[in-house]
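Notes follow the structure.
The values are calculated or read from the model by the stated rules, or taken from the named source; none is laboratory data. Keep in mind the model is a prediction, meaning the values are calculated, not measured. Cβ placement follows ideal geometry from the backbone for every residue including glycine, while neighbour counts extend to all protein chains displayed. Side chains included, ligands, DNA and RNA excluded: accessible areas come from the protein's heavy atoms. Shrake-Rupley method; radii C 1.70, N 1.55, O 1.52, S 1.80 Å.
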Amino acid sequence: MTALFYIAAAVAIIATVLVITRSNLVHALLYLVVSLFAVAVVFYTLGAPFVAALEVIVYAGAIMMLFVFAVMLLNVSADAPLRVPRSAWIGPLVLIAVLLAELIYGIGLTNHALHAGEVGPQQVSAALFGPYVLGVELASMLLLAALIGARHIASQPESPGLDEPQPAGEAPDTRANEGGEA
Amino acid sequence: MAAVSLDHGLILAAILFVIGFVGLLTRRNLIVALACIEIMLNAAGLAFVVAGARWGSADGQVMFLFVLAMAAAEVAVGLALAIRFRQSLGRLDVDDADEMKG
Amino acid sequence: MLQLLWIVPALPAAGFVVLLLLNRHLSRRATALIGAGSVGLSAVVAILIAVSFITSPPPGDAYRQVLWTWFDTGGLAPQIAFYLDAMSVVFMVVITFVGFLIHLYSTEFMERDEGFTRFFMYMNLFVASMLVLVLADNLLLLYLGWEGVGMCSYLLIAFWQKDVQNVYCGRKAFIVTRVGDTALIVGLFLLFTQLHTLEIQPLMAGAAKNWAAGSGVAVAAAALLLGGAVGKSAQLPLQTWLPDAMAGPTPVSALIHAATMVTAGVYLIARTNVLFTLAPDVRLAVAIIGTVTLLYACFSALAQHDIKRVLAYSTMSQIGYMFLALGVAGWSAAIFHFMTHAFFKALLFLAAGVVIEALGGEHDIFKMGGLRRKLPTAFWAFIIGAASLSALPLITDGFYSKDLIIETSLGAVDGNAWLWLGALAGSLLTSIYAFRLVFVVFFGEQQTPVTLHPRWRMKLPLVVLSVLSVVGGFVWLPGWMGGFHPFETFLDTALPVTQTVAGSFAYTGVAALLTSLIAVVGVALATVWLVESRAALARFAARPTPHDVQTFWLNGWGFDWLYEHVFVIPVKWFARVARGDLVEPAFSGIAWLNLQAWRALSASQNGQLRVYIGVAGVGLAVIVAFVVLR
């Protein structure tokens, strides 16, 4: 099990690095799926099979599906800036090096052993619908709000919006247009 | 059954987090930026699960579920915004979104 | 019934709020209905309360209604509380009733004005503030009303704000009255620090108990309150704003600058009569200010040729009479004259408004003339008003109140012959200028065509006020007419009785005959000069000395010139000189620093999402460093 953890961790790190370095968007997303699968394995080795399953179903399944749909809808590769110049990496890398060093120092290598044995779906569900039931309700409200909000934001405005080019010659609200795009 | 230590799990979470962070700092594509945020949220969830596993309690996993719900909500709205963004500006470059600069 | 008292000021206040909120969404009809209706309802409630107050007086002849505590700090906890006694009943009823008639009149007068809603908004706020002023239970609430009416006065004088001259007039009124208001608030500070309360009744009781008559603190307090009263009531030396206040619409002049607000000073002095009784010197000053003002204003009125300015000076002079009465401790007489004056002066102003409207905004009386047949309602109203103003005997209300003041000025313990002679001279001059106005405006050749005739909403208030100007005086008949005086009996429940010298000449029939005769002689003189020998008068006025005197009077005895040179120009000079002092760069330095800080922060707000994240990351690194390296 220990070996499995370290292998999965290595896979997760490598896949995640590839996510942020690939200039092909679809490739990047596929590496993200790999990374999420690896994290699911990590969860399994930590004795949390329930969230391991959820990681696969929700993250790697549903959320990634959304990404893929968005990419297909937008035909992203045609225009988006996907290549990053080498020099742009320097500053962020220095920053995260410092941050990571601090975090590792803070965590400390004290070798606290994890609790042996797994925490199965039954216990999770008991906690979820016991003391955390209010949180579940709030999460459902959040998801509903996100659903409505996404529907509203993505839908086309009813009047000719700022986005469509106006027919030449007759431009009743040219000024509004300019105001919007300025 | 496991000889995995708490520290290693947390360090893995920290590494994933900073990778997501560096992606957010360098990549200009809005979709990739959203993916980076997903990575960071996932890392945070991982830290919860590791901490829960330390004590053998279900709380960490419950927190991961909440993070998951939040990530789902965030990505739904974020992608909807990406669609509008593309329609408005014709591109998906986050650097283009500077209309509100002072 | 008495517990409905709060409704009386609340109704106009509600009208103000509604008009303010719905401003542009209201039709003129709805505006008129809300504006005049709120005051009308308020008048109905006020009259019901007055009837109930008179038929079944509350214990102690005063009713106190506490609504809530305004604030509570440092031992000062003024309440929003109303105090109703005989005096406030009189003021309340006159304000709401005359106020309603003037609102009704305004619905037609202002009909074609674009600021119709704004006008009624201010008017309602004025009525509400005025009611707060006269009903206030403590001096701080009174001061709130006092400032409220001052603000409305400013807003309404400058109502036609597109003409900058009107705005200057409003500003002048505001600044000049502010001088008096400052004295008043300092007086309130003094009273509070000395007696630790601002509630009027405990305050008066405390003053009577703790202060000796003529003691320095009593004199100072009374003098400061007098300063406020002088400013608000346009008495010497703060009178210069009132003639210029005529720049406002005529109903405003009728309501604010004749019937109600300018008498607030009279109310204040009568309300704090205990203080003034404790300070006989100040009371003498009140009497002298009143007498001098009334003579000053009479002479000035004689020379004016703007119809409203004549009436403005006449208001000033009539308030001078009230001050004279207050000065000789004729408290009730002053309130009586306030009431009759409110009727006949509102009548005169409203009639003048009809004339001005009919002639298309003409104010110059020498361009009027011959309107007797064209505007009969205005003519008869004006005749009645002028007769009442000149106190023609028996048939006018002005006679009863002014006669009372004149006889009190001699017959009261504090009265003397000089005051009496001044009042008599004023009476003569009053009838001359009043009937000069009548003859010049309504008789002779017609100069300007009549373009507009009043309809019922303008006529009805004239009729009602005419009737009141005749019968209003019958509530207090002098001793030689049988001594029917329910008004006095009523007011005596709230105000001290005037101490009179027994067997004084003032109370004999001869004195009354003299007073009456003087008024009639004044009218006769006006008739002879203006109807019989107008040409001779014109020749006389054209000679150098009379001409100069006339110009002097026309300009209000040069007070504006004096104040301009004594106060305005030195202050302006000082402001110019003091402009470049050390404080100035300090403040502009602060402004400059803020500007630079704004520039820097504004530049950091560059809209680059990745920069924001980077800065957040640095912040995160710093915070984590603090946490882990601690």
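Brief remarks follow.
- The listed residues are C:ALA208, C:ALA223, C:ALA218, and the only one of them that is touching a residue at least 60 places away in the same chain (Cβ under 8 Å), among the hydrophobic types (A, V, I, L, M, F, W, C), open to solvent by less than 10 Å² (accessible area, probe 1.4 Å) and more than 19 Å from C:GLY99 (Cβ to Cβ) turns out to be C:ALA218.
- Applying a threshold of 8 Å to beta carbon distances and a minimum spacing of six or more residues, or different chains, the list of pairs starting in segment B:6-21 at a residue that is at positive phi and ending at one that is of a type in the set (A, V, I, L, M) is empty.
- The lone exception for C:LEU21 - which of (1) assigned to a helix (DSSP H, G or I); (2) in contact (Cβ under 8 Å) with a residue 24 or more places away in the chain it fails: (2)
- Residue selection: C:GLY115 fails the criterion of being more than 25 Å from C:LEU268 (Cβ to Cβ), out of contact with any Ser or Thr (no Cβ under 8 Å at 6 or more places or on another chain) and either buried (at least 24 other Cβ atoms within 10 Å of the Cβ) or in contact (Cβ under 8 Å) with a residue 60 or more places away in the chain (or both).
- Condition check for C:GLN596: surrounded by fewer than 11 Cβ atoms within 10 Å (Cβ to Cβ) and assigned to a helix (DSSP H, G or I): yes
- Taking segment B:56-80 as the range and being open to solvent by 50 Å² or more (accessible area, probe 1.4 Å) and touching a residue at least 24 places away in the same chain (Cβ under 8 Å) as the test, only B:MET70 passes.
- Any hit, segment C:41-59, residues being open to solvent by 30 Å² or more (accessible area, probe 1.4 Å), among the small types (Gly, Ala, Ser) and closer than 30 Å to C:LEU491 by Cβ: yes
- Within segment B:81-96, considering residues that are facing chain A (nearest Cβ under 7 Å) and surrounded by fewer than 21 Cβ atoms within 10 Å (Cβ to Cβ), the one modelled with the lowest pLDDT: B:ARG91
- Restricting segment C:64-83 to residues that are without any contact (Cβ under 8 Å) to a residue 60 or more places away in the chain and not in a strand (DSSP E or B) leaves a set whose member that is surrounded by the most Cβ atoms within 10 Å (Cβ to Cβ) is C:ALA77.
- Residue under evaluation C:GLY556, criteria (1) open to solvent by less than 100 Å² (accessible area, probe 1.4 Å); (2) farther than 15 Å from C:TYR296 by Cβ, criterion not met: (2)
- Among the residues of segment C:612-621, not one is β-branched (Val, Ile, Thr), open to solvent by less than 70 Å² (accessible area, probe 1.4 Å) and more than 7 Å from every other protein chain (Cβ to nearest Cβ).
- C:LEU421 meets all of the listed conditions (1) hydrophobic (A, V, I, L, M, F, W, C); (2) over 30 Å from C:PHE109 (Cα atoms); (3) modelled with pLDDT under 85; (4) open to solvent by 40 Å² or more (accessible area, probe 1.4 Å) but one, namely (3).
- Unique residue being more than 7 Å from chain A (Cβ to nearest Cβ), at pLDDT 90 or above, closer than 22 Å to C:ALA616 by Cα and within 17 Å of the chain's Cα centre (by Cα) when the list is B:MET40, B:MET63: B:MET40
- When residues in segment B:1-19 are screened for being open to solvent by less than 20 Å² (accessible area, probe 1.4 Å) and facing another protein chain (nearest Cβ under 7 Å), 9 of them pass.
- Taking segment C:472-587 and the helices (runs of 4 or more DSSP H) fully enclosed by it, the elements with 3 or more residues that are in contact (Cβ under 8 Å) with a residue 24 or more places away in the chain are at C:486-491, C:509-527, C:544-554, C:559-563.
- Positions within segment A:96-123 being surrounded by 17 or more Cβ atoms within 10 Å (Cβ to Cβ), facing chain B (nearest Cβ under 7 Å) and closer than 13 Å to B:ILE15 by Cα, in sequence order: A:ILE96, A:LEU99, A:LEU100, A:LEU103, A:ILE107
- The condition of being modelled with pLDDT of 85 or more, open to solvent by less than 40 Å² (accessible area, probe 1.4 Å) and under 24 Å from the mean Cα position of the chain (by Cα) holds for C:PHE159.
- Single residue of C:ALA597, C:ALA603 found to be at pLDDT 90 or above, within 14 Å of chain B (Cβ to nearest Cβ) and more than 44 Å from the chain's Cα centre (by Cα): C:ALA597
- Conditions (1) in contact (Cβ under 8 Å) with a residue 40 or more places away in the chain; (2) open to solvent by 80 Å² or more (accessible area, probe 1.4 Å); number of the one not met by A:LEU73: (1)
- The residues listed here are A:LEU46, A:LEU93, A:LEU4, A:LEU30; of these, the one that is facing chain B (nearest Cβ under 7 Å) and surrounded by fewer than 21 Cβ atoms within 10 Å (Cβ to Cβ) is A:LEU93.
- In segment B:22-37, residue farthest from the other protein chains (Cβ to nearest Cβ) [restricted to those that are open to solvent by 10 Å² or more (accessible area, probe 1.4 Å) and without any contact (Cβ under 8 Å) to a residue 24 or more places away in the chain]: B:LEU24
- Any chance C:GLY473 is of a type outside the set (A, V, I, L, M, F, W, C) and at positive phi: no
- Some residue of segment C:123-142 being aromatic (Phe, Trp, Tyr), surrounded by fewer than 20 Cβ atoms within 10 Å (Cβ to Cβ) and either over 20 Å from the mean Cα position of the chain (by Cα) or modelled with pLDDT of 90 or more (or both): no
- Note on segment C:193-228: residues that are in a helix (DSSP H, G or I) and touching a Gly at 6+ places or on another chain (Cβ under 9 Å) amount to 11.
- Residue in segment C:312-325 that is surrounded by 24 or more Cβ atoms within 10 Å (Cβ to Cβ) and outside any helix (DSSP H, G or I) present: no
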